[in-house]
Amino acid sequence: MEFQGISSDFPKSNADALAVVVFKGEKAGAAGIKELDGLTGGQIAAAIKDGEIKGASGETAIFRLKAGGGIKASRLLVIGCGEKDKFKLSDVAIAAGTATRCVRKLNLTSVAFSPRFDGDAVEIAQQSAQGSVTSQFELDKYKTADKETKEVKKFAVFVEGAKPADLKKGISRGQIIGESMNFTRDLANEPPNILTPTEMANRASKIAKEAGLKFEALDEAKMKKLGMGSLLSVSAGSEQPAKLIVLRYTPAKSTAKKGDLLALVGKGITFDTGGISLKPGENMDAMKYDMSGGATVLGTMRAIGLLKPSVPVLGIVAAVENMPDGRATRPSDVVTAMNGKTVEILNTDAEGRLVLADAVAYAEKQGATRIIDMATLTGAVIIALGEHNTGIMGNDQAQLEDVIACGKEVGENFWQLPLSEEYSKQIKSDIADVKNIGPRMKAGTIMGAAFIQEFIDKAKWTHLDIAGTAWNDSAKPHQAKGPTAVALRTLIKYVERSQ
Ligand code: BES
Ligand code: ZN
Ligand code: ZN
């Protein structure tokens, strides 16, 4: 896809379609609409008057334009964006995505987009490019027929009076972030026979090259040597060897406080059968997405490598398959994690926390002072928060609130759950230091977090339970259904804030 920034003469843009944002209750005479309405012979005004266009969010309307007078576009798209005073920067990405998908549906290949947002040109261009790139992602990779073959090839964003350099910068950033999100979404969508832990490590190695990151993948022998008995207990039942993927970003010139190192740690269960505590058959297929946290770490690291912030970042993914087998871990087994703590495994389906235990301990061993982990950890978080909020918990309120604030800016919602000592008591084991589950039907999401906390030593740590937010069950006007790459944009904002 080719991107361009324009700062004057929007109606005369060299594109098949013009797309313009319209707000609820807006009149056709409003600035930025009036001239376009004229080109349609007053059709926008009529449609608004008749209630065909309400400006509601997600609403789209299409008008044909007459050629001539320097107008090249044959269509005008009106993109409804709700109330004007509620329209945020992150909504520009949604509007851009909606416009791109609408143009694609019309079988046109180029669009010029006017977001009509009053703000920084770099940011507006970034949101527009990112939204457009992510809107093109489809789930049909493995279809040989009925595949989406139409493609929008050119996207221009219009910001009146903007400096070309600002538009260029924003577009480049938006492309990087959008493509990184699509990389993450592609991984989450991959079937588990294709995306094994080994293949996940291969993909990580590929993006490391592309984005200038240092890559390493610890194999099972190395992990055994390091004492990662908790992680290895999960891979014991699988033919697929586990990999601990480690990506390192080091800035040319660091502005980080001496000794400060941020680590992003992801759950990368390439398939979760539950192990010996086997899951029911119904919907088990959904568990291919159980590596979404790891996929987000990889996508975020890709973006970081290309955006080049001035702080170092460590990315760690515990890539493991959870299978039942003669060699698989049994409920009641006791294992020892890398930090020396013993774990009584009472349910092999609570495996995410087992792999993260060793992954966060490893991050700290590598010098991490701040850790953010992300995981499709519990079904309970879906019951608690549904698909609109990611559960967030941690041991440092200031860091946690920073993450929530970054999320707000990019349009990702987080909701904090309590994590106090009483909860930690509930995972004390009778025969080992801790057990991997708490009491039945009680605060399941917090139990997962409380378990991971046992393996944090001194680091400031934030845990994101993305089980409800990593996958969208229905398509939206701006994006296909399926993987969302949730938390990626929040983390980039967080890293850039740390500079
Ligand atoms: N990967 C699942 C979490 C999950 C479950 C995500 C359902 C989406 C839908 C995780 O490994 C798991 O199985 N967790 C158990 C924990 C329980 C055994 C304490 C769960 O949530 O049921
Ligand atoms: Zn599980
Ligand atoms: Zn799982």
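Worth a mention:
- In the range 391-499, trypsin sites (Lys or Arg not before Pro) in a DSSP loop with at most 16 other beta-carbon atoms within 10 Å: R440, K442, K458, K481
- Computed about its Cα centre, the charge dipole of the chain is approximately 1280 debye, with only Lys, Arg, Asp and Glu carrying charge at their Cβ.
- Pairs from K147/K476; K54/K84; K147/K206 whose Cα-Cα separation, in the structure shown, is over 20 Å: K147/K206
- Eligible lysines near K49 by straight Cα distance, threshold 17 Å, same-chain separation 8 or greater: K24, K27, K34
- Under the simplified labelling scheme, the R330-K141 pair shows an inter-label distance of 3.8 nm, with each label point 7 Å from Cα along Cα→Cβ.
- Descending by average beta-carbon neighbour count within 10 Å, the peptides 124-130, 391-397, 446-452, 172-178 line up as 124-130, 446-452, 172-178, 391-397, the highest first.
- Overall dimensions of the range 332-407 as given by Cα atoms, namely Rg and Dmax in Å: 14.6, 41
- Distance-filtered residues of the range 49-63 - backbone nitrogen under 20 Å, label point 7 angstrom along E35 Cα→Cβ: 63
- Selected from Q426, G294, I492, residue furthest toward positive end of dipole (the range 181-497; charges at beta carbon): I492
- The long axis of helix 164-189 is offset from the longest Cα principal axis of the chain by roughly 50 degrees.
- Across the chain, the mean sequence separation of Cα contacts (distance under 8 Å, 6 or more residues apart), normalised by length, yields a relative contact order of 15 percent.
- Length released on extending from N193 to K308, taking residue separation times 0.36 nm less the Cα-Cα span: 38.0 nm
- Surface accessible to a 1.4 Å probe, per residue, for the residues of the chain, Å²: 42
- C-alpha long axis of helix 444-453 to longest principal axis of the chain, angle in °: 70
- For the chain, carbon and sulfur atoms together expose 50% of the accessible surface, with a 1.4 angstrom probe and every protein chain in place.
- Cleavage-rule hits (GluC sites (Glu not before Pro)) in the range 171-279: DSSP loop, at most 10 neighbouring Cβ within 10 angstrom: E239
- For the range 173-190 and the range 85-144, distance of Cα centres in Å: 14
- Degrees, to the nearest 10: 292-307 long Cα axis against longest axis of the chain: 60
- The H on the amide N of T60, modeled in the peptide plane, is under 5 Å from the matching H of G80, each at least 5 residues off or on a different chain.
- Projected label points at K163 and D219, each 7 Å from Cα along the beta carbon direction, are separated by 5.2 nanometres.
- Rounded, prolate or oblate (a/c below 1.5 giving rounded, otherwise prolate when a/b exceeds b/c) for the range 200-278 by Cα gyration tensor: prolate
- Gyration tensor verdict on the range 181-497 (Cα atoms; rounded if a/c is under 1.5, prolate if a/b is larger than b/c, oblate otherwise): rounded
- Chymotrypsin sites (Phe, Trp or Tyr not before Pro) restricted to DSSP loop in the range 98-175 with at most 14 other C-beta within 10 Å: Y142
- For the residue pairs K224/K442; K243/K408; K169/K481; K253/K460; K105/K143; K365/K435, the C-alpha atoms sit more than 26 angstrom apart in K224/K442; K243/K408; K169/K481.
- Cα shape, the range 103-234, gyration tensor, a/c 1.5 rule: oblate
The values are calculated or read from the model by the stated rules, or taken from the named source; none is laboratory data. Being a predicted model, the structure only gives us computed values, none of them experimental. All Cβ positions, even for glycine, are placed from backbone atoms using ideal geometry, and neighbour counts span all protein chains on display. Accessible surface is based on the protein model in full, side chains and every heavy atom, while ligands, DNA and RNA are left aside. Shrake-Rupley method; radii C 1.70, N 1.55, O 1.52, S 1.80 Å.
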